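Asks: Take this structure first; my questions come after.
The values are calculated or read from the model by the stated rules, or taken from the named source; none is laboratory data. Keep in mind the model is a prediction, meaning the values are calculated, not measured. Every residue, glycine as well, gets a Cβ built from its backbone with ideal geometry; the counts of neighbours run over all protein chains shown.
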Amino acid sequence: MEKKIRPAKELYENLVRDSSDIIISVDLDRKVIVFNPAAEKAFGYTKEEIIGKHVNMLYADPSQGLHVHKATKEISTFEGEIVNRRKDGSTFISQLSTGVLHNEDGNVIGVMGISRDITKKKLEEDELAKLLQKSLLHVQQAPLAVIEWNTNFEVTEWNPAAEKIFGYRKEEALGHHAEFIIHEAAKEHVDVVWQSLLSQQGGMRSTNENITKDGNILFCEWYNTPLVSESGEVLGVASLAHDITEVKLADEKLKLLNETLEQRVAERTVELKEKNIVLKKEIAEREKMEEALLQSEKLKSIGTITAGVSHEFNNILSIISGKVQLLEMDYNDNSELMGEFSTIMKAVDDGAAITDNMLKITKSSDSTSAFVLSDLNEL
């Protein structure tokens, strides 16, 4: 019997020694009886320092160690996380599995525990949990609608902002196909966007009409991202939606105002061109009138001078005529002189006729200062 037990014992000791897991055994008084090299490395104690010592020194909280021991004795096993304390006082988290030890007679003689340091894993899990919590808070508190879809275009996530924008509670939206918030006029466009997302060929940004629970039409700007696995398979789509209805309406109003302004400018330009033509015509007429007035003033001045000259010339002719008439009376019997006198009188009559014509041409009305315009060639 002893020969059979010895190889088994050696095998057990080898397994305990070579195991990468922490292996510690205690007796019924919870005194350490087995402390393998992995335990030495984890706790910082040598085997000699710990054998025979109470196992509580290896727990950050001794009451936790007592709980593990009682649970193992009552149900023969324990499985869970515990916090251990090293020799230098630092702590680490381990995943512990325990079982009872029996002697050859089947009597319980102690408890054996196998554990593994999961501190790094636990920290990573905690960090991941914090990250997930932050992400969840971001989704829940984001001012934009955060919506996730499966590959069938059905809602799998629906944040409070989505509830506010579209009017559907999360419970109402989950599992529904996207068509319940897509306006009829935008369905063809959205279908093209969706197919582009599934094929990873576009669709990252889109603007289209949406419809709310109460039937109102919205204009939303969508930012979409395919959710792709490590193998490249599209698992779904994450979307951010922003209600831009007010911005859209403001843009359309501004566009209409610009068009109206352009129309008014065009109409005003035509009106100004027409007025400019009229103004040029009026200026031309005014210049013509001014020129006519200037000519009239010139003629008036000439008429005044001519009238004065004619008057003086008539005086001279009267004197000549009088003298000739006197001479005719004295020399009426001289036919030769009478012929000369007749020639002189004819010249006087011609001069009188000329001055009379000049006076007629330059004669002005008693009621106006404007002169009658005549062709000067008649002079």
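Asks: List, please: which pairs have Cβ atoms under 8 Å, are six or more places apart or on different chains, and start with a residue in the stretch 220-244 that is without any contact (Cβ under 8 Å) to a residue 40 or more places away in the chain and end with one that is surrounded by fewer than 19 Cβ atoms within 10 Å (Cβ to Cβ) and hydroxyl-bearing (Ser, Thr, Tyr)?
Replies: Pairs found: GLU221/THR207; TRP222/THR207; ILE244/THR207.
Asks: Now a separate question. With the requirement that a residue be at pLDDT below 95 and assigned to a loop (DSSP other than H, G, I, E, B), what does the stretch 51-80 give you?
Replies: SER76
Asks: Quick check on my filter: what residues within the stretch 55-72 are surrounded by 14 or more Cβ atoms within 10 Å (Cβ to Cβ) and farther than 17 Å from ARG86 by Cα?
Replies: Of everything in the stretch 55-72, those that are surrounded by 14 or more Cβ atoms within 10 Å (Cβ to Cβ) and farther than 17 Å from ARG86 by Cα turn out to be LEU66, HIS67, VAL68, HIS69, ALA71, THR72.
Asks: Since GLU184 meets every condition but one in (1) surrounded by 11 or more Cβ atoms within 10 Å (Cβ to Cβ); (2) closer than 20 Å to ILE244 by Cβ, which condition does it not meet?
Replies: Here GLU184 meets the rest and fails (1).
Asks: Any residue that is in a helix (DSSP H, G or I) and either in contact with a Lys or Arg (Cβ under 8 Å, 6 or more places away or on another chain) or closer than 23 Å to LEU144 by Cβ (or both) - is there at least one of those in the stretch 215-235?
Replies: No: zero hits.
This table checks each residue for (1) within 29 Å of VAL247 (Cβ to Cβ); (2) without any contact (Cβ under 8 Å) to a residue 12 or more places away in the chain; (3) assigned by TED's automatic domain parsing to the domain that holds VAL32.
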residue	(1), (2), (3)
GLU125	no, yes, no
ASN159	yes, no, no
TRP194	yes, no, no
GLN201	yes, yes, no
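Asks: Here's another thing I want to ask about it. Just checking, which of VAL190, VAL155, VAL237 is aliphatic (A, V, I, L, M), modelled with pLDDT of 95 or more and more than 24 Å from GLN141 (Cα to Cα)?
Replies: VAL190
Asks: Separate question: Write out, first by first residue and then by second, each pair whose Cβ atoms fall under 9 Å of each other, whose residues are 6+ apart or on separate chains, and whose first residue, in the stretch 279-291, is in contact (Cβ under 8 Å) with a residue 12 or more places away in the chain while the second is not in a helix (DSSP H, G or I).
Replies: Short answer, once both residue conditions are applied: none.
Asks: Here's something else I'd like to know. Just to be sure, is PHE313 aromatic (Phe, Trp, Tyr), more than 60 Å from the chain's Cα centre (by Cα) and either exposed (fewer than 14 other Cβ atoms within 10 Å of the Cβ) or at pLDDT below 80 (or both)?
Replies: Answer is yes for this residue.
Asks: Okay, next question. Quick check on this structure: which one of LYS275, LYS300, LYS288 is part of a helix (DSSP H, G or I), touching a strand residue (DSSP E or B) at 6+ places or on another chain (Cβ under 6 Å) and at negative phi?
Replies: Sole residue among the options that is part of a helix (DSSP H, G or I), touching a strand residue (DSSP E or B) at 6+ places or on another chain (Cβ under 6 Å) and at negative phi: LYS300.
Asks: Another question, if that's okay. Could you check how many residues of the stretch 114-136 are loosely packed, with under 12 Cβ neighbours inside 10 Å, under 25 Å from ILE24 (Cβ atoms) and of a type in the set (Asp, Glu)?
Replies: Total satisfying the criteria: 1.
Asks: OK, next. Could you go through the stretch 137-157 and let me know if any residue there is touching a Ser or Thr at 6+ places or on another chain (Cβ under 7 Å) and of a type in the set (S, T, N, Q).
Replies: There is at least one residue in the stretch 137-157 that is touching a Ser or Thr at 6+ places or on another chain (Cβ under 7 Å) and of a type in the set (S, T, N, Q).
Asks: Sticking with this structure for a sec: Could we say that THR225 is within 30 Å of GLU184 (Cβ to Cβ) and of a type in the set (Val, Ile, Thr) here?
Replies: Judged against the criteria, THR225 is a match.
Asks: Give just the number: which of (1) under 19 Å from GLU148 (Cβ atoms); (2) out of contact with any Phe, Trp or Tyr (no Cβ under 6 Å at 6 or more places or on another chain); (3) modelled with pLDDT under 95 does SER206 not satisfy?
Replies: Here SER206 clears every test but (2).
Asks: Could I ask something else about it? Return yes when VAL83 is in a strand (DSSP E or B) and either surrounded by 16 or more Cβ atoms within 10 Å (Cβ to Cβ) or not acidic (Asp, Glu) (or both) and no when it is not.
Replies: Yes, satisfied.
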